[in-house]
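To start, the structure under review is shown below, and the notes come after it.
The values are calculated or read from the model by the stated rules, or taken from the named source; none is laboratory data. Values in this document were obtained by computation on a predicted structure and should not be read as measured data. Every residue, glycine among them, receives a Cβ derived from its backbone with ideal geometry; neighbour counts consider all protein chains shown. With ligands, DNA and RNA removed, areas are computed over all heavy atoms of the protein, side chains included. Shrake-Rupley method; radii C 1.70, N 1.55, O 1.52, S 1.80 Å.
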Amino acid sequence: MPEDAPVGIDSLSHESRSFPPSSEFVKDAVARPSLYLEAERDRLEFWRARAQLLSWKKQFTEVLDWSNPPFAKWFADGTLNAAHNCVDRHVDAGHGAQVALLAEYEDGTDARFTFAEVKDEISRMANVLTDMGVTTGDRVAIYLPMIPEAVFAMLACARIGAPHSVVFGGFSADALRSRIEDAEAKVVITADGQFRRGKAMPLKPAVDEALAGGAPSVTGVLVVRRTGGEVAWTEGRDQWWHELREGASTEHEPVWVDAEHPLFILYTSGTTGKPKGIVHSTGGYLTQASYTHRVVFDLKPSTDVYWCTADVGWVTGHSYVVYGPMANRTTQVIYEGTPDTPHQGRWWEIVQKYGVSLFYSSPTAIRTAMKWGEEIPGKFDLSSLRLLGSVGESINPEAWMWYRRVIGGDRCPIVDTWWQTETGAIMVSPLPGVTNAKPGSAQVPLPGVVADVVNDAGEPVGDGQGGYLVLSEPWPSMLRGIWGDPERFQETYWSRFPGKYFAGDGARKDEDGDIWLLGRVDDVMNVSGHRLSTTEIESALVSHPWVAEAAVVGANDETTGQAPVAFVILRGGTEAEVAAGGGEDAASEALRQHVGKEIGPIAKPKKVLLVTELPKTRSGKIMRRLLRDVAENRTIGDTQTLADSSVMDLIQQGLTGKR
Ligand code: ATP
Ligand code: MG
């Protein structure tokens, strides 16, 4: 190939397995093939019709104003309220007695809230926040565990049109302070503490610390009592929710806001660097969150029990715990604790307890369950499940197959959903009941979404080729910007390929034109002039029966420029086989050869290192940049968003033989 020819990313893997939907599923499926045709015929009319899934106080006339790209306005002259759409209108339509939230606490106790009860709770909290001086447009920081009050807090803010900024309850005081300061929040909603692995852990001290060191915008702190532990108190600033709740009215008129009014700010996971404060709108965001939740999860509001395992601290918890499901009148589980407290079957026990039918989780969780072994889910009745979803990273084909067989009983369709904090809602995904599913591929842009894979020059690649995933047309739930930084918004997302949104992810189109995510372009490596993605080499490793999880990075190499280095976690129960095969060194060599055989000698890792943990963000994504530091013997970079900082020590000790 001549030096200056446009290139993409080399693509090495092949997948021939395909799973058509069962005729039974097709019969009642919410999604229809005609949706694609409808969207192709007239994309804006398609979105106009989807916006009618919502209730508008004032109907909009114009669907999209794209006169000043990349600043989009959707449904701009319409007014609505997100909390009214998620709660009040269901109560008004006679569904007040339907259960909205099935709250499962870590210790096995539980609580349920009907839509009518949620309406009362969020109205009370909206009144309390108003009394604390919060008005439309003010920002409110939410720093809570996964308890119903987290949902109430978000919807209470939405009711008064006060954009919330949810900060994951596992973040430090510093991380909290920087987010509060960036958004200039007026009030913080938190709890005294949270239960984590059977222990009461304090939460409020982190707020006290964050506010002591800065964040002058905050005038009040609303504290939910969860653990009942002792808390320090700042008079005049701190207020107990349970005390103010007593005197608060359940009457509250939602504030009708313009469709473009910001619903929330949310900081990205920080996998690649410093988190960005992503701003989302009300009307466009809610339209796409509810439409995608309905068609991608095949939601039947009166019969399904849905469970998305994401924390509300992440975008998945915003769009697919709070806004999408609640706008669609879903009965759903929310779970406070960790997957292995008090035992490694906790999640499957919850599926059995509530008869969960729709289950949405992440590749990291699935691979962890693989590591623990399939006898654990095997102990529970999972027959209520009828659909499984995945989000957050590429799901390796073998992890997909495991998910389908062990959790889905070979019966449930799987939806591998690609999207980002920035996109607000699912963009690329199979439609259950319509698409023939392919293990490991997110497959097709949803109806109404225009996505493509392009080469360095921004030209669409042909089938069978790799490149960069771009979104070529605006979409309703697109980010409206980075809080306070319009230039960074343009620069980060719209400058690489003019006129197109570039997501930062590599992708390829296979022979059928289906889209495969190849990982972040920052992680692409150049091996003797071949541009290789991390995902395909990782998937080749996970296809070996000993491997539960793998992370691959490109490390400097004198002869090839860069060379793949793999970090691998073995599946539980393989120890005897590994020992019989000659121990860890022999296993590493066997895995190197396996990659060579699966996808070709060029991708064969220079080294395969067996480890017991991988560095992950708190949302469970592998942080390859830290592993690259290890592979290249550098000082480890910024670990602020790392879930467990001891992991890097463990890995380095293992490598230097200090184990
Ligand atoms: P930061 O942008 O701060 O580095 P982040 O990208 O991890 O953090 P999120 O918005 O939570 O923050 O994650 C979106 C990213 O997750 C996508 O860009 C993609 O890399 C990955 N991702 C999400 N879903 C999928 C999927 N189904 N397949 C492959 N990758 C996915
Ligand atoms: Mg990102």
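Couple of notes before you dig in:
- Each residue of the range 588-593 was assigned a 3J(HN,Hα) from its phi angle through the Karplus curve 6.51 cos²θ - 1.76 cosθ + 1.60 (θ = phi - 60°); the sequence is 4, 5, 4, 6, 4, 5 Hz, with glycine and proline shown as x.
- Placing a label point 7 Å from the Cα of residue 384 along the Cα-to-Cβ direction, the residues of the range 305-325 whose backbone N falls under 12 Å of that point are 305-307.
- Cβ-Cβ distance of residue 235 and residue 646, R₀ of 41 Å, FRET efficiency by 1/(1 + (r/R0)^6): the value works out to about 0.60.
- Anisotropy class of the range 593-656 from Cα gyration tensor, a/c 1.5 cut: prolate
- Accessible area of the range 528-655 divided out per residue, in Å², using a probe of 1.4 angstrom: 41 Å²
- From phi via Karplus (6.51, -1.76, 1.60), per-residue ³J(HN,Hα) for the range 49-60 in Hz, x at Gly/Pro: 5, 5, 5, 6, 5, 9, 9, 9, 6, 10, 4, 7
- When both bridge partners sit in the range 23-509, DSSP labels roughly 50% of those beta bridges antiparallel.
- Label reach from residue 212 (point 7 Å along Cα→C-beta): in the range 172-200, amide nitrogens under 13 Å belong to 173-174.
- Segment residue 225..residue 559, full-extension length gain: 114.2 nm, with 0.36 nm per residue of separation and the alpha-carbon distance subtracted.
- Amide H contacts under 5 Å for residue 531, placed H, 5+ residues apart: 10
- Cross-link partners for residue 58 among the lysines, with Cα-Cα distance under 24 Å and sequence neighbours closer than 8 places in the same chain left out: 73, 119.
- Positive-end residue of 29, 87, 617, charge dipole of the chain with Cβ unit charges: 29
- Those lysines that a straight Cα-Cα span of less than 17 Å connects to residue 509, excepting residues fewer than 8 apart in one chain: 438
- Per residue of the chain, the DSSP helices (runs of n ≥ 4 H) give a summed -39500 (n - 2.57) that works out to -8000 deg cm²/dmol at 222 nm.
- Label reach from residue 251 (point 7 Å along Cα→C-beta): in the range 123-142, amide nitrogens under 14 Å belong to 124, 127.
- Given +1 at the Cβ of Lys and Arg, -1 at the Cβ of Asp and Glu and no other charges, the dipole of the range 1-119 around its Cα centre is 660 debye to the nearest 20.
- Dipole orientation for the chain: of the candidates 506, 544, 351, 351 has the Cα lying most toward the positive pole (charges on Cβ; Lys, Arg +1; Asp, Glu -1).
- A straight line joining the Cα centroids of the range 504-550 and the range 267-308 runs 26 Å.
- Tensor-based shape of the range 1-92 (alpha-carbon gyration tensor, a/c under 1.5 rounded, otherwise prolate or oblate): oblate
- In degrees, nearest ten, helix 646-655 long axis to first principal axis of the chain (Cα): 10 degrees
- Accessible area of the range 151-261 divided out per residue, in Å², using a probe of 1.4 angstrom: 41 Å²
- Only Lys, Arg, Asp and Glu carry charge here, each on its Cβ (+1 for the first two, -1 for the last two); on that basis the range 528-655 has a dipole of about 420 debye about its Cα centre.
- Put a plus charge on the Cβ of each Lys and Arg, a minus charge on the Cβ of each Asp and Glu, and nothing anywhere else: the dipole of the chain about its Cα centre is then about 540 debye.
- Sites residue 579 and residue 23, calculated FRET efficiency, Cβ-Cβ separation with R0 56 Å, nearest 0.05: 0.75
- The distance between label points at residue 95 and residue 14 comes to 4.7 nm (points 7 Å beyond Cα on the Cα→Cβ vector).
- Once the chain from residue 485 to residue 77 is taken as fully extended at 0.36 nm per residue, the excess over their C-alpha distance is 144.4 nm.
- Segment residue 590-residue 375, length gained on full extension (0.36 nm per residue, minus Cα span): 74.8 nm
- Shown for the chain: the carbon plus sulfur share of the solvent-accessible area, taken with all protein chains present and a 1.4 angstrom probe, equals 48%.
- Dipole of the range 23-509 computed with +1 at Lys/Arg Cβ and -1 at Asp/Glu Cβ about the Cα centre; of 162, 144, 474, farthest Cα towards the positive end is 474.
- Partners of residue 379 within straight-line reach, counting lysines whose Cα lies under 25 Å from its Cα and excluding those fewer than 8 residues away in the same chain: 353, 371.
- 3J(HN,Hα) from dihedral phi, the range 456-473, Karplus parametrisation 6.51/-1.76/1.60, rounded to Hz, x for glycine, proline: 3, 8, x, 8, x, 7, x, 4, x, 10, x, x, 10, 7, 10, 10, 9, 10
- For the range 23-509: rounded, prolate or oblate by the Cα gyration tensor [a/c cutoff 1.5]: rounded
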